[in-house]
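Below is one structure, written out as C-alpha coordinates, with a few remarks after it.
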Amino acid sequence: MASETKGPNRPLSPHLQIYKPQLTSMLSITHRLTGLALAVGTLVLVWWIGAVAAGPEALDDVNDFLSSWLGILLMAGWSYALFYHLLNGIRHLFWDMGAGLELKAAYASGWAVVAGSILLTVIAWAMALGNVGS
Amino acid sequence: MARTPLGRVRGLGSAKEGTHHWWMQRVTAIALVPLTLWFVVSVIGLVGKPYAAVAGWIGNPIVSVFLILMVIATFYHAWLGIQVVVEDYVHAKAVKITSLLLVKFLCFVLAAASIYSILLISLSG
(Lines give C-alpha, C1' and ligand atoms only; values in the text may rest on other atoms or scores of the structure.)
Protein backbone atom coordinates (compact mmCIF):
# COMPACT_ATOMS: atom_id res chain seq x y z
CA MET A 1 0.00 0.00 0.00
CA ALA A 2 2.64 2.48 1.08
CA SER A 3 4.71 1.99 -2.07
CA GLU A 4 1.65 2.53 -4.28
CA THR A 5 0.79 5.86 -2.69
CA LYS A 6 4.39 7.10 -2.49
CA GLY A 7 5.02 10.15 -4.62
CA PRO A 8 8.08 10.97 -6.70
CA ASN A 9 11.44 10.69 -4.97
CA ARG A 10 11.69 14.30 -3.83
CA PRO A 11 14.48 15.51 -1.53
CA LEU A 12 13.57 15.56 2.17
CA SER A 13 14.03 18.64 4.30
CA PRO A 14 16.75 18.29 6.96
CA HIS A 15 15.53 16.89 10.26
CA LEU A 16 15.26 18.80 13.53
CA GLN A 17 18.80 18.17 14.80
CA ILE A 18 20.30 19.82 11.69
CA TYR A 19 18.87 23.21 12.59
CA LYS A 20 20.47 25.60 15.02
CA PRO A 21 18.09 26.19 17.95
CA GLN A 22 16.37 29.55 17.48
CA LEU A 23 14.37 31.69 19.89
CA THR A 24 11.19 31.14 17.87
CA SER A 25 11.44 27.35 17.76
CA MET A 26 12.45 27.12 21.44
CA LEU A 27 9.48 29.28 22.48
CA SER A 28 7.20 27.12 20.35
CA ILE A 29 8.17 23.83 22.03
CA THR A 30 8.14 25.56 25.43
CA HIS A 31 4.52 26.53 24.75
CA ARG A 32 3.65 22.86 24.35
CA LEU A 33 5.68 21.78 27.37
CA THR A 34 4.16 24.45 29.64
CA GLY A 35 0.71 23.47 28.35
CA LEU A 36 1.31 19.84 29.32
CA ALA A 37 2.76 20.89 32.69
CA LEU A 38 -0.29 23.05 33.38
CA ALA A 39 -2.59 20.15 32.50
CA VAL A 40 -0.82 18.13 35.23
CA GLY A 41 -1.10 21.16 37.52
CA THR A 42 -4.89 21.08 37.24
CA LEU A 43 -4.70 18.07 39.60
CA VAL A 44 -3.65 20.46 42.39
CA LEU A 45 -6.48 22.83 41.43
CA VAL A 46 -9.03 20.01 41.70
CA TRP A 47 -7.43 18.79 44.95
CA TRP A 48 -7.57 22.32 46.39
CA ILE A 49 -11.23 22.96 45.48
CA GLY A 50 -12.19 19.45 46.66
CA ALA A 51 -10.38 20.05 49.96
CA VAL A 52 -12.26 23.30 50.55
CA ALA A 53 -15.50 21.38 49.93
CA ALA A 54 -14.36 18.64 52.35
CA GLY A 55 -13.51 20.97 55.22
CA PRO A 56 -10.75 22.80 57.13
CA GLU A 57 -8.66 19.67 57.91
CA ALA A 58 -8.51 18.68 54.24
CA LEU A 59 -7.47 22.22 53.30
CA ASP A 60 -4.73 22.08 55.94
CA ASP A 61 -3.33 18.97 54.19
CA VAL A 62 -3.20 20.82 50.86
CA ASN A 63 -1.58 23.87 52.48
CA ASP A 64 0.97 21.66 54.26
CA PHE A 65 1.95 20.11 50.95
CA LEU A 66 2.05 23.43 49.08
CA SER A 67 4.25 25.02 51.76
CA SER A 68 6.72 22.09 51.74
CA TRP A 69 9.88 22.48 49.67
CA LEU A 70 8.45 20.18 46.99
CA GLY A 71 5.18 22.10 46.96
CA ILE A 72 6.95 25.45 46.65
CA LEU A 73 9.16 24.09 43.86
CA LEU A 74 6.11 22.77 41.96
CA MET A 75 4.14 25.99 42.49
CA ALA A 76 7.14 28.04 41.29
CA GLY A 77 7.26 25.94 38.13
CA TRP A 78 3.52 26.01 37.56
CA SER A 79 3.25 29.75 38.17
CA TYR A 80 5.98 30.40 35.61
CA ALA A 81 4.39 27.92 33.19
CA LEU A 82 1.03 29.69 33.59
CA PHE A 83 2.40 33.18 32.87
CA TYR A 84 4.49 31.88 29.99
CA HIS A 85 1.61 29.97 28.39
CA LEU A 86 -0.72 32.94 28.96
CA LEU A 87 1.60 35.50 27.35
CA ASN A 88 2.77 33.26 24.53
CA GLY A 89 -0.85 32.22 23.98
CA ILE A 90 -1.76 35.88 23.47
CA ARG A 91 1.17 36.06 21.01
CA HIS A 92 -0.38 33.12 19.15
CA LEU A 93 -3.80 34.83 19.07
CA PHE A 94 -2.24 37.89 17.40
CA TRP A 95 -0.63 35.60 14.82
CA ASP A 96 -4.04 33.99 14.22
CA MET A 97 -5.32 37.46 13.29
CA GLY A 98 -2.40 37.81 10.88
CA ALA A 99 -0.53 40.35 13.02
CA GLY A 100 3.14 40.26 14.05
CA LEU A 101 4.18 37.47 11.70
CA GLU A 102 7.20 39.32 10.29
CA LEU A 103 10.55 37.96 11.51
CA LYS A 104 11.46 41.12 13.42
CA ALA A 105 8.05 41.34 15.13
CA ALA A 106 8.06 37.61 15.97
CA TYR A 107 11.44 37.99 17.70
CA ALA A 108 10.42 41.16 19.52
CA SER A 109 7.21 39.56 20.84
CA GLY A 110 9.20 36.42 21.70
CA TRP A 111 11.62 38.35 23.92
CA ALA A 112 8.67 40.23 25.40
CA VAL A 113 7.13 36.88 26.39
CA VAL A 114 10.41 35.75 28.02
CA ALA A 115 10.80 39.00 29.98
CA GLY A 116 7.10 39.36 30.78
CA SER A 117 6.68 35.81 32.08
CA ILE A 118 9.67 36.18 34.43
CA LEU A 119 8.47 39.59 35.60
CA LEU A 120 4.89 38.42 36.28
CA THR A 121 6.16 35.35 38.17
CA VAL A 122 8.37 37.52 40.40
CA ILE A 123 5.53 40.01 41.03
CA ALA A 124 3.07 37.19 41.84
CA TRP A 125 5.47 35.59 44.34
CA ALA A 126 6.32 38.94 45.92
CA MET A 127 2.60 39.58 46.45
CA ALA A 128 1.95 36.05 47.74
CA LEU A 129 4.90 36.08 50.15
CA GLY A 130 3.85 39.55 51.30
CA ASN A 131 0.46 38.06 52.27
CA VAL A 132 2.14 35.22 54.21
CA GLY A 133 3.96 37.78 56.34
CA SER A 134 0.89 39.90 57.00
CA MET B 1 -7.41 16.18 -4.26
CA ALA B 2 -10.17 18.38 -5.62
CA ARG B 3 -13.26 18.80 -3.45
CA THR B 4 -16.70 18.00 -4.79
CA PRO B 5 -19.01 21.04 -5.02
CA LEU B 6 -21.00 19.69 -2.05
CA GLY B 7 -17.83 19.16 -0.03
CA ARG B 8 -16.71 22.72 -0.75
CA VAL B 9 -20.05 24.15 0.35
CA ARG B 10 -19.95 22.24 3.61
CA GLY B 11 -16.36 23.38 4.15
CA LEU B 12 -15.41 20.26 6.09
CA GLY B 13 -12.20 18.29 5.53
CA SER B 14 -11.43 14.63 5.94
CA ALA B 15 -12.01 14.75 9.70
CA LYS B 16 -15.61 15.90 9.02
CA GLU B 17 -15.47 18.69 11.53
CA GLY B 18 -13.87 21.52 9.58
CA THR B 19 -12.11 24.10 11.75
CA HIS B 20 -14.15 23.31 14.87
CA HIS B 21 -11.21 21.90 16.89
CA TRP B 22 -8.92 24.80 15.97
CA TRP B 23 -11.65 27.36 16.62
CA MET B 24 -12.68 25.97 20.04
CA GLN B 25 -9.02 25.98 21.10
CA ARG B 26 -9.03 29.75 20.39
CA VAL B 27 -12.44 30.39 21.96
CA THR B 28 -11.37 28.70 25.20
CA ALA B 29 -8.00 30.49 25.06
CA ILE B 30 -9.64 33.90 24.79
CA ALA B 31 -12.02 33.04 27.66
CA LEU B 32 -9.11 31.84 29.80
CA VAL B 33 -7.10 35.08 29.51
CA PRO B 34 -9.34 37.12 31.86
CA LEU B 35 -10.50 34.07 33.87
CA THR B 36 -7.01 32.84 34.82
CA LEU B 37 -5.73 36.37 35.53
CA TRP B 38 -8.72 36.96 37.85
CA PHE B 39 -8.18 33.56 39.49
CA VAL B 40 -4.44 34.04 40.07
CA VAL B 41 -4.89 37.54 41.53
CA SER B 42 -7.72 36.28 43.76
CA VAL B 43 -5.80 33.23 44.99
CA ILE B 44 -2.77 35.39 45.80
CA GLY B 45 -5.15 37.48 47.92
CA LEU B 46 -6.23 34.30 49.76
CA VAL B 47 -2.67 33.26 50.68
CA GLY B 48 -2.34 33.05 54.47
CA LYS B 49 -6.10 33.52 54.98
CA PRO B 50 -8.11 31.13 57.21
CA TYR B 51 -10.44 28.40 55.89
CA ALA B 52 -13.58 30.52 56.26
CA ALA B 53 -12.16 33.23 53.99
CA VAL B 54 -11.27 30.69 51.26
CA ALA B 55 -14.65 28.90 51.46
CA GLY B 56 -16.43 32.26 51.60
CA TRP B 57 -14.69 33.42 48.43
CA ILE B 58 -15.42 30.24 46.45
CA GLY B 59 -18.99 30.16 47.80
CA ASN B 60 -19.81 33.69 46.68
CA PRO B 61 -22.45 33.28 43.92
CA ILE B 62 -20.65 35.37 41.31
CA VAL B 63 -17.28 33.76 42.11
CA SER B 64 -18.85 30.28 41.91
CA VAL B 65 -20.29 30.95 38.47
CA PHE B 66 -17.01 32.28 37.09
CA LEU B 67 -15.00 29.48 38.73
CA ILE B 68 -17.26 26.92 37.04
CA LEU B 69 -16.77 28.70 33.72
CA MET B 70 -13.00 28.74 34.29
CA VAL B 71 -13.01 25.01 35.08
CA ILE B 72 -15.00 24.22 31.91
CA ALA B 73 -12.75 26.39 29.71
CA THR B 74 -9.60 24.98 31.36
CA PHE B 75 -10.44 21.31 30.84
CA TYR B 76 -11.87 21.86 27.36
CA HIS B 77 -8.66 23.73 26.42
CA ALA B 78 -6.43 21.10 28.06
CA TRP B 79 -8.27 18.26 26.33
CA LEU B 80 -7.93 19.91 22.88
CA GLY B 81 -4.27 20.75 23.48
CA ILE B 82 -3.22 17.32 24.72
CA GLN B 83 -5.16 15.73 21.86
CA VAL B 84 -3.00 17.61 19.33
CA VAL B 85 0.18 16.60 21.14
CA VAL B 86 -0.88 12.93 21.22
CA GLU B 87 -1.82 13.03 17.52
CA ASP B 88 1.57 14.57 16.67
CA TYR B 89 3.80 12.20 18.61
CA VAL B 90 1.94 8.92 19.19
CA HIS B 91 1.74 6.88 16.02
CA ALA B 92 0.89 3.34 17.18
CA LYS B 93 -2.84 3.23 16.54
CA ALA B 94 -3.93 1.32 19.66
CA VAL B 95 -1.80 3.46 21.99
CA LYS B 96 -2.97 6.62 20.25
CA ILE B 97 -6.69 5.88 20.51
CA THR B 98 -6.33 4.65 24.12
CA SER B 99 -4.43 7.81 25.13
CA LEU B 100 -6.96 10.06 23.40
CA LEU B 101 -9.83 8.35 25.21
CA LEU B 102 -8.03 8.46 28.58
CA VAL B 103 -7.26 12.17 28.19
CA LYS B 104 -10.86 12.93 27.26
CA PHE B 105 -12.32 10.88 30.14
CA LEU B 106 -9.84 12.34 32.64
CA CYS B 107 -10.65 15.90 31.59
CA PHE B 108 -14.38 15.23 32.03
CA VAL B 109 -13.86 13.55 35.43
CA LEU B 110 -11.67 16.40 36.73
CA ALA B 111 -14.08 19.05 35.42
CA ALA B 112 -17.09 17.28 36.96
CA ALA B 113 -15.27 16.84 40.30
CA SER B 114 -14.32 20.53 40.35
CA ILE B 115 -17.81 21.75 39.50
CA TYR B 116 -19.36 19.43 42.10
CA SER B 117 -16.95 20.76 44.76
CA ILE B 118 -17.70 24.39 43.84
CA LEU B 119 -21.45 23.72 44.05
CA LEU B 120 -21.04 21.96 47.42
CA ILE B 121 -19.16 24.95 48.83
CA SER B 122 -21.57 27.44 47.30
CA LEU B 123 -24.82 25.71 48.28
CA SER B 124 -23.76 24.72 51.82
CA GLY B 125 -22.41 28.16 52.70
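The values are calculated or read from the model by the stated rules, or taken from the named source; none is laboratory data. The structure displayed is predicted, hence computed values, not measured ones. Backbone-built Cβ (ideal geometry, glycine too); neighbour counts: all protein chains shown. All accessible areas refer to the heavy atoms of the entire protein, side chains included, with ligands and DNA or RNA removed. Shrake-Rupley method; radii C 1.70, N 1.55, O 1.52, S 1.80 Å.
Below, the figures for the structure above:
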| read-out | value |
| --- | --- |
| Selected residue (only one of B:E17, B:E87 is away from chain A (no Cβ under 13 Å) and not small (G, A, S)) | B:E17 |
| Enumeration of residues in segment B:54-79 that are open to solvent by less than 40 Å² (accessible area, probe 1.4 Å) and more than 10 Å from chain A (Cβ to nearest Cβ) | B:V63, B:S64, B:I68, B:A73 |
| Pair list, Cβ < 9 Å and 6+ apart or interchain, from segment A:17-45 residues that are outside any helix (DSSP H, G or I) to residues that are loosely packed, with under 14 Cβ neighbours inside 10 Å and of a type outside the set (D, E, K, R) | A:Y19/A:S25 |
| Residue satisfying condition, being touching a helix residue (DSSP H, G or I) at 6+ places or on another chain (Cβ under 6 Å), at negative phi and either among the aromatic types (F, W, Y) or not in a helix (DSSP H, G or I) (or both), within set B:W38, B:W79 | B:W79 |
| Residue check, A:I72 within 13 Å of chain B (Cβ to nearest Cβ), touching a helix residue (DSSP H, G or I) at 6+ places or on another chain (Cβ under 9 Å) and open to solvent by 40 Å² or more (accessible area, probe 1.4 Å) | yes |
| Members of segment B:41-53 that are part of a helix (DSSP H, G or I) and surrounded by 15 or more Cβ atoms within 10 Å (Cβ to Cβ) | B:V43, B:I44, B:L46, B:Y51 |
| Leading residue by the ranking (farthest from the other protein chains (Cβ to nearest Cβ)) among those in segment A:18-68 that are buried (at least 16 other Cβ atoms within 10 Å of the Cβ) and closer than 21 Å to A:A108 by Cα | A:L27 |
| Filter pass, A:L12 being free of Cβ contacts under 8 Å to residues at least 24 places away in the same chain, farther than 29 Å from A:A99 by Cβ and either open to solvent by 40 Å² or more (accessible area, probe 1.4 Å) or assigned to a helix (DSSP H, G or I) (or both) | yes |
